[in-house]
1. Which of the residues spanning region 48-79 are assigned to a helix (DSSP H, G or I), modelled with pLDDT under 95 and small (Gly, Ala, Ser)?
2. Does region 235-270 hold any residues that are among the β-branched types (Val, Ile, Thr) and either within 14 Å of Val182 (Cβ to Cβ) or part of a helix (DSSP H, G or I) (or both), and which are they?
3. So which pairs qualify, if the first residue must be in region 80-105 and more than 20 Å from Ala187 (Cβ to Cβ) and open to solvent by 10 Å² or more (accessible area, probe 1.4 Å), the second must be in a helix (DSSP H, G or I) and of a type in the set (Ser, Thr, Tyr), the Cβ gap must be under 7 Å, and the two must be at least 6 apart or on different chains?
4. Give me the pairs: first residue in region 51-78 and within 20 Å of Thr160 (Cα to Cα) and free of Cβ contacts under 8 Å to residues at least 60 places away in the same chain, second residue among the polar types (S, T, N, Q) and surrounded by fewer than 20 Cβ atoms within 10 Å (Cβ to Cβ), beta-carbon distance under 7 Å, and six or more apart or on different chains, which are they?
5. Among (1) of a type in the set (Ser, Thr, Tyr); (2) surrounded by 17 or more Cβ atoms within 10 Å (Cβ to Cβ); (3) over 25 Å from Gln152 (Cα atoms), there is one condition Tyr251 misses while meeting the rest; what is its number?
6. Given the criterion modelled with pLDDT under 95 and closer than 26 Å to Ser68 by Cα, identify the matching residue among Ile266, Ile189, Ile261.
7. Is there a residue being part of a loop (DSSP other than H, G, I, E, B) and either closer than 23 Å to Pro292 by Cβ or without any contact (Cβ under 8 Å) to a residue 12 or more places away in the chain (or both) anywhere in region 195-211?
Amino acid sequence: MKKALLATIIGLSVIACPILYVCVGPALDAIQIDTLKTLAIIAGCSGLYCFIVGELTRNNSQMDKLWSILPAVYVWVIAIKGGLSPRLTVMAILATIWGIRLTYNFARKGAYSIKFWAGKEDYRWIVLRERKEFQPHWKWVIFNFLFISIYQNVLILMTTFPALVAMNSAAPFNWVDCLAAVLMLAAIIYETIADEQQWRFQTRKWTMIDGGQKLEDLPAPYNKGFNTQGLWSHSRHPNYFAEQSTWVSFYIFSIAAGIGIFNWSIIGAVLLIVLFQGSSALSEELSSSKYPEYSDYIKKVSRFFPGRKY
């Protein structure tokens with residue numbers, strides 16, 4: 001990830017959220033502040049764990065393992081402290097469904113292990129760690145601490161802020177809540193389909209390669225090396241599109257709570273979108289270096305929103 005992008009997203013998280021809180025609101029009451037302190041303690045412990053274990057094991061996917069678990073924990077804490085109102089309960093259930101699905105998808109890739117510190121590491125961390133920008137190792141240690149361990153934990157916490165601002169809302173569960181729930185559930189289903197299509201493609205491809213066949217000798221479309229079928233024919237990252245849509249939909253619950261169309265809890269969804277810009281750019285840089293036809297795929301198919309370019 002480029003240094004400029006890293007500085008931008010960290011700057012946004014540090015500066016934008018307090019500004020929005022002061023200028024837009026709503027202000028948190030004593031119960032919400034106490035709840036936020038509890039969430040911050042969990043996030044802080046998670047960040048410390050990810051940093052220490054990541055450095056000791058040289059496996060920097062510790063946060064990846066928690067990415068799908070922490071939001072559900074945060075929203076349930078908020079829901080319980082908020083008296084399990086219908087809105088908060090629905091938000092917690094949806095966050096749990098999202099988390100179970102994503103955890104399963106990550107687990108079948110070998111990310112989790114009985115040795116909790118082990119498991120398969122995301123290949124992008126391996127590539128980044130070896131780049132000259134992060135040599136000598138102390139530069140990577142700083143990146144691991146500030147971005148992988150701290151920033152990502154803060155970002156995950158921020159995505160659940162719509163539940164926090166809706167915590168003490170007097171507005172009854174309404175049609176906007178139903179809209180948010182339908183949109184979020186649709187995004188989860190869309191991402192499930194995208195991940196399943198990708199899983200089947202990659203499993204079939206690697207089964208043939210492990211059987212002794214060369215990539216260029218595989219039958220179409222496997223010989224390209226990357227998936228261009230199903231949802232992947234309309235979007236280069238349908239799973240990323242769905243992930244962003246999930247948390248934008250989650251934000252709509254704060255609107256349903258009567259907080260206003262624009263409030264500071266939107267910061268999590270916005271910064272998640274920014275993060276996926278950088279993450280997808282890195283993935284495509286690596287794919288373009290491995291697969292000759294990927295550059296043509298970029299020219300023809302939209303990055304996130306479904307639609308071909310011609």
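1. Gly54
2. Looking only at region 235-270, we keep the residues that are among the β-branched types (Val, Ile, Thr), and these are 246, 248, 252, 255, 259, 261, 266-267, 270.
Within region 235-270, Thr246, Val248, Ile252, Ile255, Ile266, Ile267, Val270 qualify.
3. Going by the 7 Å Cβ cut-off, the qualifying pairs are Lys81/Thr35.
4. If the second residue must be among the polar types (S, T, N, Q) and surrounded by fewer than 20 Cβ atoms within 10 Å (Cβ to Cβ), the pairs left are Ser68/Thr103; Ile69/Thr103; Ala72/Thr96; Val77/Thr38.
5. Status for Tyr251: all satisfied but (3).
6. Values: Ile189 fails: modelled with pLDDT under 95; Ile261 fails: closer than 26 Å to Ser68 by Cα.
Answer to the check: Ile266.
7. Of the residues in region 195-211, the ones part of a loop (DSSP other than H, G, I, E, B) are 211.
Narrowing further to those that are either closer than 23 Å to Pro292 by Cβ or without any contact (Cβ under 8 Å) to a residue 12 or more places away in the chain (or both): 211.
Yes, because at least one residue in region 195-211 is part of a loop (DSSP other than H, G, I, E, B) and either closer than 23 Å to Pro292 by Cβ or without any contact (Cβ under 8 Å) to a residue 12 or more places away in the chain (or both).
Residue-wise test of (1) buried (at least 21 other Cβ atoms within 10 Å of the Cβ); (2) outside any helix (DSSP H, G or I); (3) out of contact with any Cys (no Cβ under 7 Å at 6 or more places or on another chain).
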site: Asn144; (1), (2), (3): yes, no, yes
site: Ser149; (1), (2), (3): yes, no, no
site: Ala170; (1), (2), (3): no, yes, yes
site: Leu179; (1), (2), (3): no, no, yes
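The values are calculated or read from the model by the stated rules, or taken from the named source; none is laboratory data. Every value quoted in this text rests on a predicted model; they were computed, and no experiment measured them. Glycine gets a Cβ as well: all are built from the backbone with ideal geometry, and neighbour counts include every protein chain shown. What goes into the accessible areas is simple: the full protein's heavy atoms, side chains included, and nothing from ligands, DNA or RNA. Shrake-Rupley method; radii C 1.70, N 1.55, O 1.52, S 1.80 Å.
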